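The values are calculated or read from the model by the stated rules, or taken from the named source; none is laboratory data. What you are looking at is a predicted structure, and each value in this text was computed from that prediction instead of being measured. Here the Cβ is made from the backbone with ideal geometry for all residues, glycine too, and neighbour counts use every protein chain on show.
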Amino acid sequence: MSFSIVEAIVNAITTVLTTVGLPGLFALMVVESFGFPFVPSEVVLPFSGFLVVEGVFPFWGALGAALLGDLCGALLGYAIGRGWRHRLSGLGIGHFRIDAQHLDRMDRFFARRGEAAVVAARMVPVLRGYISYPAGTARMHPARFVAFTLVGSTPFALGFIYAGMVLRSDWNVISQWFQVLDIAFIGVVVAILLYLVLCAIGVLETFTLHRPRPKPASSEGPATEPPGQSPP
């Protein structure tokens, strides 16, 4: 296989796991759960399962290190979202600006469906690393966030570790498919950032959609007849 960014990432991850051991697994899962897209759990966890079969990692040690790192990274994202809430109002460009109404809407959503959103997101590759930020911004209760993060992360980690154990030396079959999603996601993020930069410097200003302003009501309206009287 020719050299590529994905190949370099995979080689770096496998090197960390084989040389550092379980602390390396913990550290990689912290970074992945924090939302860093270049450390995909779809590579980290299956290779950890392969190392379990090879006798390098104990099964419960690998699962525990993965879940603990997952939780620590999620809590870092949660803390940033919660601590920066007061700085979000007014942040953005044009129609992408966040105001108090958006924050209130986020609060209501997490009050009604926060548990389900966290559980579902933690089981979806790529998305799982970013649900922590809005959960913190919406001030979801920390104990609930921790509990439902573990509820969603446990089957995800268990499934990928077990898949790596079953596939053994062919563990990278799984990562090949999910790396496509990771690369696509990175491309979308880059495209959005590029669009916002172009809007900021005025290049795409003419392409920005603006709502038409309502015409001011005329101060002189049509004359009305007093009630009970008809015009001659």
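Some observations on this one:
- Subset of region 149-164 [out of contact with any Ser or Thr (no Cβ under 8 Å at 6 or more places or on another chain) and either basic (K, R) or surrounded by fewer than 22 Cβ atoms within 10 Å (Cβ to Cβ) (or both)]: L150, V151, T154, P155, L158, G159, Y162, A163
Residue-by-condition table, conditions (1) exposed (fewer than 15 other Cβ atoms within 10 Å of the Cβ); (2) at positive phi; (3) at pLDDT below 80:
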site: A66; (1), (2), (3): no, no, no
site: D70; (1), (2), (3): no, no, no
site: W84; (1), (2), (3): yes, no, yes
site: G94; (1), (2), (3): yes, yes, yes
site: A147; (1), (2), (3): yes, no, no
site: W171; (1), (2), (3): no, no, yes
site: W177; (1), (2), (3): yes, no, yes
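- Restricting attention to region 132-151 and to residues that are of a type in the set (V, I, T) and in contact (Cβ under 8 Å) with a residue 40 or more places away in the chain, the residue that is farthest from A79 (Cα to Cα) turns out to be T149.
- Residues that are more than 16 Å from F36 (Cα to Cα) and outside any helix (DSSP H, G or I) within region 128-148 comprise A138, R139, M140, H141, listed in sequence order.
- Single residue of P37, P58 found to be surrounded by fewer than 23 Cβ atoms within 10 Å (Cβ to Cβ) and without any contact (Cβ under 8 Å) to a residue 24 or more places away in the chain: P58
- Only helices (runs of 4 or more DSSP H) whose full extent lies in region 1-83 are considered here, and the ones with at least 3 residues that are within 18 Å of T149 (Cβ to Cβ) and within 14 Å of the chain's Cα centre (by Cα) are 22-34, 59-83.
- Applying the set (1) buried (at least 21 other Cβ atoms within 10 Å of the Cβ); (2) within 23 Å of L75 (Cα to Cα) to P23 leaves exactly one unmet item: (1).
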